[in-house]
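Asker: First, the structure itself, so that you have it in front of you.
The values are calculated or read from the model by the stated rules, or taken from the named source; none is laboratory data. Not measured: the values here are computed from a predicted model. Here the Cβ positions follow ideal geometry from the backbone for every residue, glycine too, while neighbour counts run over all protein chains shown.
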Amino acid sequence: MRAYAMTNIGAKRNTNQDYAYFSVEQIGNLPNVLIVADGMGGHKAGEVASEQAVNAVLQSIKENEKKDKISIIEEAIDVANVKVFEMATKDEKFKGMGTTIVVATLENNNLYVANVGDSRLYLIGDDIRQITRDHSLVQEMVSIGELDKESAKTHSRKNVITRAVGVERKVTADFFEAEISEGTKILLCSDGLTNMVEDADIKDIVDRCSDGNMEEAVHKLIDAANNNGGLDNIAVVLAEV
């Protein structure tokens, strides 16, 4: 696997509350780790939430002696949730902070994914396919038939998430597995990308990068988001099998 990651403040925000991380080397009993987190909260609290959550996830993975990939990731997210929640409840300046998170690891062409919130993981090959499911108000409305997918893209409350790390004492992550073929790209990103760039355009940008250049593709994705308004911070991790 090869990968590249980058965050960007966007065109409108004063602070960058997104966090992106990857390691193509083994961490604990996971062969590699890809993470994106999108923090929320008052002045710099979201920035703290996303960084603390990612660091807590990595530390937990390093110390976990289990072999099951899903169990390792699940426990890591639980640890991160407690870490952020306790910081938010003990320090007034961090009150109400939280973060989305999407975590993935690849072993023998099997991808294991967990997410909380509306940061996403896509697979890009012959098509682009969203693997994660948003924990958001509009996604719930789409699921019960109150809203169609096109209307959801421009809904006034599309940024309202229904689940986040650190907001409550316990959090439940959703888990997904997918089989990956050689040459497939794995994209993790915050909504600062997906709210600004259509899925088809994301695929087109990645496909057009010379020789599958990960760094070039990530920079162009961020440029596209900013050129379309850059209303939020942007985090991107792109990996290829």
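Asker: Hey, could you check segment 10-30 for residues that are more than 20 Å from Ser71 (Cβ to Cβ) and polar (S, T, N, Q) and say which is surrounded by the fewest Cβ atoms within 10 Å (Cβ to Cβ)?
Answerer: Among residues in segment 10-30 that are more than 20 Å from Ser71 (Cβ to Cβ) and polar (S, T, N, Q), the one surrounded by the fewest Cβ atoms within 10 Å (Cβ to Cβ) is Asn14.
Asker: May I pose another question? I'd like to verify a number: residues in segment 92-110 that are part of a helix (DSSP H, G or I) and either aromatic (Phe, Trp, Tyr) or at pLDDT 95 or above (or both), how many?
Answerer: 1
Asker: Identify all residues within segment 206-241 that are part of a loop (DSSP other than H, G, I, E, B), modelled with pLDDT under 95 and surrounded by fewer than 17 Cβ atoms within 10 Å (Cβ to Cβ); write none if there are none.
Answerer: Those that are part of a loop (DSSP other than H, G, I, E, B), modelled with pLDDT under 95 and surrounded by fewer than 17 Cβ atoms within 10 Å (Cβ to Cβ): Asn213, Val241.
Asker: Kindly list, by first and then second residue, each pair from a residue in segment 166-180 that is of a type in the set (Ser, Thr, Tyr) to a residue that is at pLDDT below 95, limited to pairs with Cβ atoms under 8 Å and residues at least 6 apart or on different chains.
Answerer: Between residues of segment 166-180 that are of a type in the set (Ser, Thr, Tyr) and residues that are at pLDDT below 95, the close pairs are Thr172/Arg163.
Asker: Filter the strands (runs of 3 or more DSSP E) completely within segment 1-72 down to those with at least 3 residues that are in contact with a strand residue (DSSP E or B) (Cβ under 9 Å, 6 or more places away or on another chain) and farther than 21 Å from Phe85 by Cα.
Answerer: In segment 1-72, the matching strands (runs of 3 or more DSSP E) lie at 2-8, 18-23.
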